[in-house]
1. Could you tell me how many degrees, from 0 to 90 and to the nearest 10, lie between the Cα long axis of helix 53-72 and the main elongation axis, the longest principal axis, of the Cα atoms of the chain?
2. How long are the semi-axes of the equivalent ellipsoid of segment 142-195, taking √(5λ) for every eigenvalue λ of the Cα gyration tensor, in whole Å from largest down?
3. Rounding to the nearest 10 and keeping the result within 0 to 90°, find how far the Cα-based axis of helix 102-117 lies from the longest principal axis of the chain.
4. Could you work out the helix-only [θ] at 222 nm for the chain, with each DSSP H run of four or more residues adding -39,500 (n - 2.57) and the total divided by the number of residues, to the nearest 500 deg cm²/dmol?
5. So for segment 124-172, averaging the separation of alpha carbon pairs under 8 Å that are six or more residues apart and normalising by length, what relative contact order in percent results?
6. Just to confirm the filter: which trypsin sites (Lys or Arg not before Pro) across segment 93-189 are DSSP coil and have at most 13 other Cβ within 10 angstrom of their Cβ?
7. Just tell me the longest site-free run in the chain, where the sites are GluC sites (Glu not before Pro) in a DSSP loop having at most 15 other beta-carbon atoms within 10 Å.
8. Using the heavy atoms of the protein chains alone and a 1.4 angstrom probe, what is the accessible area of the chain per residue in square angstrom?
Amino acid sequence: MKRTVLKARNREALIEACLAEVAAHGYRDARLEDIAERAELSTGAIYSIFGSKRNLLAAAMDQLSTELAGELDSLTDPELPVTEVLRGAARVWMKMAAEEGARDRFAFELEATAASLREPVPTQPIPAQRLRDLLTDRCLGTARTTGEQARRLSVAAHALLSGLAQRALLDPSAVSTADAEEAAAALVRLLDRSGS
């Protein structure tokens, strides 16, 4: 097997192992030895590919972000009004909450957020930039959404939808996809009150 293919496979295995270990034990208690064992590799592979536990965590966060962006790609049609983009994003989050491995992925996101908050300059572990881009220049009544409106909507939508998806994981009967769609679409009212 070629070295680049092997390295890519090892990288993927370590990221998946990191997601599972951090979800199960928290970032601080997830040991590199256990991550490596779960991936059927050595700790040396972690250092060789990522350089550190922090870089491995960042790579896992980037992978989740990339997966989320891919799921949101169905909403790129520029003719979709802002409310339909919000409804579509709700469907994406609820679908993700129903998928196999969802508990680990959402637990990882919470742990990654906590780890980020302990840093001197916290970073957003799962960025909402893709959602912001999708909400920019969308039909909003007779106008189009501005970049600032999209920023505010994306922050609110990301927080709302993550929370609803977590709730659905804990109690699947508590929140339906239709509930999430309605809640997300209602965020447009924030723009009416802001005067923007």
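The values are calculated or read from the model by the stated rules, or taken from the named source; none is laboratory data. In this text, all values refer to a predicted model and were calculated from it rather than measured experimentally. Please note: Cβ atoms are built from the backbone with ideal geometry, for glycine as well, and neighbour counts cover all protein chains shown. Note: areas computed on protein heavy atoms with side chains; ligands, DNA, RNA excluded. Shrake-Rupley method; radii C 1.70, N 1.55, O 1.52, S 1.80 Å.
1. 40
2. Over the Cα atoms of segment 142-195, the ellipsoid semi-axes are 26, 11, 8 Å.
3. Compared with the principal axis, the helix lies near 90 degrees.
4. -22500 deg cm²/dmol
5. Once divided by the residue count of segment 124-172, the mean separation gives 32 percent.
6. For trypsin sites (Lys or Arg not before Pro) across segment 93-189 that sit outside H, G, I, E and B with at most 13 neighbouring Cβ atoms in 10 Å, the list reads Arg118.
7. Value returned for the longest uninterrupted segment is 101-196.
8. In whole numbers, the chain has 54 Å² accessible per residue.
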